[in-house]
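Comments concern the structure below.
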Amino acid sequence: MNHADWPITPEAIAPFLIAVSLVELTPGPNMAYLAALSASEGRAAGLRAVAGITLGLTVYMLAAVFGVAELVAAIPLTYAVLHWCGVGYLLFLSWEAWRGAEETSPGHAAHADNAPFWRGLIANLLNPKAAVFYITLLPGFISADHAAIWVQALILGIVHIAVSVAVHLSIALGAARAGAVIATVGRGTHLRRGMALVIAAIAIWIAFTPTN
């Protein structure tokens, strides 16, 4: 196939993969939350949270592709409301984790508890920076000489989602193993309280991050 027939510019694939990989490997709210949750509640909870986070990212990716996210990010009040709702929600999760710290078995969430899924989803939907990420990153890898702009944006967005899933799964599985080891030495309560403090720290960090 001639390069001109590709839906996206072939030369943009490697730089885009490098860019999104660096973004996903940079410590942030999703990474810290997943690590803390998986270590304290086990692999099943971590995997459900990964599914929720992925769905949240997908919603913003699709919104960016079709222009909705750009509209949201352009309205200061909407952006600010989402920002502070996200901070409040993380503080609620921190309080909930601290309150349940006496449950010490890391696999106690292994039953059909979908709370981690919904928490991961809601936390991402209340993070308007995800919208800004797609709006600012995707245009730099789109060329007018190839497929329709929305098609190129959709392909690149799917690539980013795939990279994020790989990174998040690695974090969840690794943290779950570490949490199981810690629990065997009777530190489960400390682990859950540590999780609560980590989530609270994430909320404070987001609160003091500029919203523009």
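No value in this document is a laboratory result; all are computed from the given coordinates. Values in this document were obtained by computation on a predicted structure and should not be read as measured data. A quick note on method: Cβ atoms are made from the backbone with ideal geometry, for glycine too, and the neighbour counts reach across all protein chains shown.
The calculated FRET efficiency for the pair Ala14 and Phe208, based on their C-beta separation and a Förster distance of 41 Å, comes to about 0.70. Extension gain for Ser21-Ala115 works out to 31.1 nm (0.36 nm per residue, less the C-alpha to C-alpha distance). Of the peptides 132-143, 12-23, the ranking by mean beta-carbon count within 10 Å, highest at the top, reads 132-143, 12-23. Taking 0.36 nm per residue of separation and subtracting the current Cα-Cα distance, fully stretching the chain between Leu77 and Ala147 would add 21.7 nm. Quick one: net charge of Ala172's neighbours, Cβ under 14 Å, K/R +1, D/E -1? For residues surrounding Ala172, the net value is +2.
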